[in-house]
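Chemist: One structure, as structure tokens, below. Some questions next.
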Amino acid sequence: MEFLLDTVHIADIKKYAGIIPLSGVTSNPSIVKKEGKIDFFNHMKAIRQIIGLDASFHIQVVGQTTEAMVEDAHTILKNVDDHVFIKIPTNEAGLAAIKQLKSEGVNVTATAIYTKFQGYLAMSAGADYLAPYYNRMVNMNINADEVIGELAAQICRENSNTKILAASFHTVQQVNSAFEMGAQAATMSADILNTALTAPAIGAAVKDFTNDWESIYGVGTTVTSLK
């Protein structure tokens, strides 16, 4: 399983890079907007410095036409680094851009996937990752689990190297479901991780263990205190 952060907020990336087995970072124009008018390329380079070249870094194009998408991709690769996975929307212009970029050996993430058919086309075009939007599908009354499950089955049938990078989550359970249906990776906000790791039951259990220990060995003691 690959756990990615869906943010460009430097503090959150630094925090969770030190906590979880962080496989990478994803971004899109809406996420960038939350940070304000940042120095885009230097900000992206700073993220790469934190996560390293072994982690995957996904940056989205903004162009609407195939030509503009490819031009955006080349600009990102030139001004950030050539290891970036270029996020391309899975529409007509995007599929043509994916084909061209893959012919150049560029890493590509096909994004804005809502249907199996989009995923099948992106896979055939050579996309390295497919990014189905879980919660957005739910809101559109599309069975997100079915879409991810069928894409995973097709990857197995073809013995494809394409991976499913599930995105757009509202709850921890949605992340769980995506993995259980066969997604190899999931990208989530820092809020999702915080919710998962700070549930009251976890804190209560830790406090109970500490109280039991201290009732025997004294308040403020740890295992190391016994040395």
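The values are calculated or read from the model by the stated rules, or taken from the named source; none is laboratory data. The structure presented is a predicted model; accordingly, all values stated were derived computationally and were not measured. Cβ sites come from the backbone with ideal geometry, for glycine too, and all protein chains shown count toward neighbours.
Chemist: Evaluate the following for residue 56: is it of a type in the set (Ser, Thr, Tyr) and exposed (fewer than 15 other Cβ atoms within 10 Å of the Cβ)? Spell out how you get there, then give the answer.
Modeler: Details: of a type in the set (Ser, Thr, Tyr): yes; exposed (fewer than 15 other Cβ atoms within 10 Å of the Cβ): no.
No, not satisfied.
Chemist: Being over 17 Å from residue 174 (Cβ atoms) and either modelled with pLDDT of 95 or more or touching a Leu at 6+ places or on another chain (Cβ under 9 Å) (or both) narrows it down to one residue among 152, 122, 131; which is it?
Modeler: On the way: 152 fails: over 17 Å from residue 174 (Cβ atoms); 131 fails: over 17 Å from residue 174 (Cβ atoms).
Every option except 122 fails the conditions.
Chemist: Hey, another quick one. Scan (1) more than 22 Å from residue 97 (Cβ to Cβ); (2) hydrophobic (A, V, I, L, M, F, W, C); (3) under 19 Å from the mean Cα position of the chain (by Cα) for the single condition residue 84 breaks and write down its number.
Modeler: Just one mismatch for residue 84, condition (1).
Chemist: Next up: Of all residues in the stretch 25-42, which are surrounded by 16 or more Cβ atoms within 10 Å (Cβ to Cβ) and among the hydroxyl-bearing types (Ser, Thr, Tyr)?
Modeler: 26, 27
Chemist: Counting only residues that are in contact (Cβ under 8 Å) with a residue 40 or more places away in the chain, closer than 25 Å to residue 178 by Cα and in the same structural domain as residue 182 (by TED's automatic domain parsing), give me the helices (runs of 4 or more DSSP H) lying completely in the stretch 1-120 with at least 2 of them.
Modeler: Working: elements: 10-17, 29-34, 40-51, 66-79, 92-103.
Fully inside the stretch 1-120 and qualifying: 10-17.
Chemist: Being farther than 24 Å from residue 46 by Cα, crowded, with 22+ Cβ neighbours inside 10 Å and among the β-branched types (Val, Ile, Thr) is the filter here; which residues of the stretch 62-112 pass it?
Modeler: Answer for the stretch 62-112, where residues must be farther than 24 Å from residue 46 by Cα, crowded, with 22+ Cβ neighbours inside 10 Å and among the β-branched types (Val, Ile, Thr): 90, 98.
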